[in-house]
Amino acid sequence: MTTTAGSDSDRTRVVVVVDPYSSGKYLVQELKEQCWNMVAVQSSLDLAEFWLEQLDQDQFISVVQHKDLATTMRELEAFEVMAVTPGSEPGVFLAEDIQESLKLEKRNGGDTVKWRRHKFDMQERLREVGVRAVRQVFAKDVGEVMEWHAGNNMGLWPIIVKPAMSGGTDGVFWCHCEEDVRLAFESECGKVNVNGELNDCLLAQEFLDGIEYIVDCVSNGAGKHVLCGIWQYKKLYEPASKSITYEYAGMLESQGEIQDQLVPYMFSVLD
């Protein structure tokens with residue numbers, strides 16, 4: 001690790017958590033139970049208010065409000081940073097920038113960061129390495145979507161149109177015709193989404209009709225993957241509003257007929 005002013009013995013050892021929101025509060029709780037001092041970094045104050053209000057400042061010895069990377073790194077010089085991790089999705093890019101700047105041994109690498117955050121780049125990377133991926137286009141206007149829809153998506157309706165770097169159901173449109181696609185672009189393109197990112201283009205994908213599963217894993221540098229949890233989501237589809245909302249999410253056992261298909265696929269994705 002690169003160090004700057006002061007010796008390591010002069011500085012408090014810390015773990016930096018970028019955007020410790022949402023389920024990231026459980027990561028904070030775990031680090032606290034392991035007696036780590038923590039520094040919170042807020043990647044942006046332009047995130048949706050429901051993110052920002054989740055910050056529990058009492059859990060941290062310092063809170064840094066990010067303005068630019070150079071300024072943030074100067075503020076972190078007061079500490080001996082042992083690890084940097086995102087606490088929620090909006091913090092992924094900045095967490096990896098800080099890891100790179102500190103030259104921490106355990107980091108993903110900035111050249112691959114979009115595969116962990118940008119929904120179009122994720123799928124294109126899978127396709128590139130021969131792993132099954134969704135049909136899609138990242139489009140600047142309705143015309144590009146309709147050209148893709150007629151060709152690569154074989155004219156099939158419905159399709160999903162959404163921001164590539166938002167979260168949950170923010171900006172997600174369940175489109176059944178060209179007019180629905182047009183409504184999605186009028187509503188979302190040029191807007192800052194809940195994760196503080198500008199929707200300069202929108203992602204159109206084939207509609208995957210079925211149950212949605214989330215497979216949580218942790219991996220190490222040697223390519224070893226550990227299954228942490230499998231979630232099953234139930235969604236409500238609203239034809240009138242062209243929207244999709246979550247009704248509930250529940251955890252599944254680690255093994256079973258469905259799980260035994262999901263886990264090998266997810267491990268191949270991580271590989």
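Could you please let me know if residue 168 is on the phi > 0 side of the Ramachandran plot and either outside the structural domain of residue 249 (by TED's automatic domain parsing) or modelled with pLDDT of 95 or more (or both)? Judged against the criteria, residue 168 is a match.
In segment 147-166, the residues that are part of a helix (DSSP H, G or I) reach residues that are modelled with pLDDT of 95 or more and among the basic types (Lys, Arg) with C-beta atoms within less than 9 angstrom, at least six apart or across chains, in these pairs: 148/135.
Exactly one residue among 103, 119, 140 is touching a residue at least 60 places away in the same chain (Cβ under 8 Å) and either at positive phi or of a type in the set (Val, Ile, Thr) (or both), and that residue is 103. Scanning segment 10-30 for residues that are under 21 Å from the mean Cα position of the chain (by Cα) and of a type in the set (A, V, I, L, M, F, W, C) yields 15, 16, 17, 18, 27, 28. Is it the case, given these coordinates, that residue 226 is part of a strand (DSSP E or B), exposed (fewer than 13 other Cβ atoms within 10 Å of the Cβ) and modelled with pLDDT of 95 or more? It is true that residue 226 is part of a strand (DSSP E or B), exposed (fewer than 13 other Cβ atoms within 10 Å of the Cβ) and modelled with pLDDT of 95 or more. Among residues of segment 63-88 being touching a residue at least 24 places away in the same chain (Cβ under 8 Å) and assigned to a helix (DSSP H, G or I), the one that is farthest from residue 16 (Cα to Cα) is 69. Selection of first residues in segment 223-238 that are closer than 16 Å to residue 265 by Cβ and of second residues that are hydroxyl-bearing (Ser, Thr, Tyr) and assigned to a strand (DSSP E or B), restricted to Cβ pairs under 6 Å at least 6 apart or on distinct chains, gives the following pairs, ordered by first then second residue: 225/219; 232/213.
A count restricted to segment 23-50 and to residues that are within 24 Å of residue 100 (Cβ to Cβ) and either surrounded by fewer than 13 Cβ atoms within 10 Å (Cβ to Cβ) or touching a residue at least 60 places away in the same chain (Cβ under 8 Å) (or both) stands at 7.
Within segment 29-71, the set of residues being touching a strand residue (DSSP E or B) at 6+ places or on another chain (Cβ under 6 Å), over 23 Å from residue 199 (Cβ atoms) and polar (S, T, N, Q) comprises 37, 57, 62, 65.
When each of 186, 253 is tested for being charged (D, E, K, R), in a loop (DSSP other than H, G, I, E, B) and over 22 Å from the mean Cα position of the chain (by Cα), the lone residue that passes is 253.
The values are calculated or read from the model by the stated rules, or taken from the named source; none is laboratory data. From a predicted model like this one, the values you see are computed outputs, not experimental measurements. A quick note on method: Cβ atoms are made from the backbone with ideal geometry, for glycine too, and the neighbour counts reach across all protein chains shown.
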